[in-house]
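Below is one structure, written out as structure tokens; the observations come after it.
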Amino acid sequence: MSVYLGAVALFYHSLFTDPDLKSAEIEWLDGGRVFVEIRAFVIRITIILRARRARRARRKTVATTHRPGEYTEEHRRRRGV
């Protein structure tokens with residue numbers, strides 16, 4: 001979790017600070033800022049997709065769990081039990 005907090009701080013610093021330290025207006029279409037904006041967007045999308053995949057995998061695991069030593073329907077079909 002601390003990695004995500006560090007990333008947020010890094011992106012905030014990269015986007016909202018003036019590199020010349022002159023309190024000038026922020027140029028949102030500056031090459032470096034555009035790169036950081038694109039990377040932040042890609043990372044956000046990746047985090048969302050990863051969370052969705054983990055949630056689906058967890059649901060699937062919960063739905064397919066069974067007691068140890070107990071045959072599942074699939075196992076019974078394979079072995080003809």
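Here, each number is a calculation from the coordinates, and none is a lab measurement. In this text the structure is predicted, and so the values were computed from the model without any measurement. Neighbour counts are summed over all protein chains in view; Cβ atoms, including those assigned to glycine, are modelled from backbone coordinates with ideal geometry.
The local environment of residue 19, defined by Cβ-Cβ distances under 14 Å, has a net charge of -3 under the rule Lys, Arg +1 and Asp, Glu -1.
Ranked for footprinting exposure by Cβ neighbours inside 10 Å, fewest first, 3, 36 give 3, 36.
In this calculation the C-beta distance from residue 41 to residue 3 is compared with R0 = 30 Å, giving a FRET efficiency of 0.95.
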